[in-house]
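Accompanying notes for the structure given below.
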Amino acid sequence: MLVLLLLWQIGAWLLQQTMPIASLLAPWPTFKSLGWLLGSGQLWAHVLASLQRVLVGLVLALVIGVPLGLLIGRSRAVEQATGGAFQLLRMISPLSWMPIVVMLFGVGDAPIYFLLTFAAVWPIMLNTSAGVRTIDPNWLQLGASLSATRVEMLARVIIPAVLGHVLTGLRLAIGIVWIVLVPCEMLGVSKGLGYFILDTRDRLAYSELMAAVLFIGLLGWLLDSAARRLHKRWAHGKA
């Protein structure tokens, strides 16, 4: 981190030789602006709005991705029937849907929820289906020999077995959603970190803009750390 900070300072100093405004992008003005933004409370409303959108997108992705992953993992026929279509959709950048979802849903939170869900559903679905395929067949045979119903098999065998894969998919989804979030919040909303970046650009408040960029990185790192700790806690409990 110290090396990264040093490179940041050197880069800002080099740019300042030909672009004096680059001095506002240096570490000290950035940290000063970040402290002022957090202390004055101006940034917190945007943070809460962004986190709410991330949470809704992830919940919707889990609701869609986990059942689909279970179905694909359990049925080769379903996998063969849907594999090509899902791989095609997965390779389409979520941001390329922006003009279409704005046309369909208008501006506001609805198109953002759609785009975040679309971005997050694939790692969750694929990791869930991969987890189903790694289940020990002996456990499935044991459940069948004990006359377990489909609901009991799902609740007692399959879901506990794939939970680690679901958490891995969730962690990957958080990283993708956090990257997609900022451009999505430039779709005519009045709150959010993406909106705040546009606002600072329009106000020529470049030190605040850099502070917002830095805070996005820090907040994303915290979200990833929380997902990683959740996975480690599950692994420790399983052990």
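Quick notes
- Residue in region 49-59 that is charged (D, E, K, R) and within 28 Å of PRO183 (Cα to Cα) present: yes
Let's see how each residue does on (1) open to solvent by less than 30 Å² (accessible area, probe 1.4 Å); (2) more than 25 Å from CYS184 (Cβ to Cβ); (3) at pLDDT 90 or above:
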{"site": "MET1", "(1), (2), (3)": "no, yes, no"}
{"site": "LEU4", "(1), (2), (3)": "no, yes, no"}
{"site": "TRP8", "(1), (2), (3)": "no, yes, no"}
{"site": "TRP44", "(1), (2), (3)": "no, no, yes"}
{"site": "VAL59", "(1), (2), (3)": "no, no, yes"}
{"site": "GLU79", "(1), (2), (3)": "no, yes, no"}
{"site": "GLN87", "(1), (2), (3)": "no, no, no"}
{"site": "PRO99", "(1), (2), (3)": "no, no, no"}
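- Some residue of region 156-168 being touching a His at 6+ places or on another chain (Cβ under 6 Å), of a type outside the set (Asp, Glu) and either at pLDDT below 75 or buried (at least 16 other Cβ atoms within 10 Å of the Cβ) (or both): yes
- Odd one out for THR134 among (1) crowded, with 18+ Cβ neighbours inside 10 Å; (2) polar (S, T, N, Q); (3) in contact (Cβ under 8 Å) with a residue 24 or more places away in the chain: (1)
- One residue stands out in region 220-233 among those that are of a type outside the set (Gly, Ala, Ser) and crowded, with 16+ Cβ neighbours inside 10 Å: the one that is farthest from GLY175 (Cα to Cα), namely HIS231.
- Residue match in region 103-112 (condition: over 21 Å from VAL162 (Cα atoms) and in contact with a Pro (Cβ under 7 Å, 6 or more places away or on another chain)): yes
- Answer residue from region 101-112, given it is touching a helix residue (DSSP H, G or I) at 6+ places or on another chain (Cβ under 6 Å) and open to solvent by less than 50 Å² (accessible area, probe 1.4 Å) and is nearest to LEU170 (Cα to Cα) among those: ILE112
- Qualifying residue in region 8-23 (condition: more than 30 Å from ALA120 (Cβ to Cβ) and in contact (Cβ under 8 Å) with a residue 40 or more places away in the chain): yes
The values are calculated or read from the model by the stated rules, or taken from the named source; none is laboratory data. In this text, all values refer to a predicted model and were calculated from it rather than measured experimentally. A quick note on method: Cβ atoms are made from the backbone with ideal geometry, for glycine too, and the neighbour counts reach across all protein chains shown. To get the accessible areas, we keep the full protein, side chains included, count just its heavy atoms, and leave off ligands, DNA and RNA. Shrake-Rupley method; radii C 1.70, N 1.55, O 1.52, S 1.80 Å.
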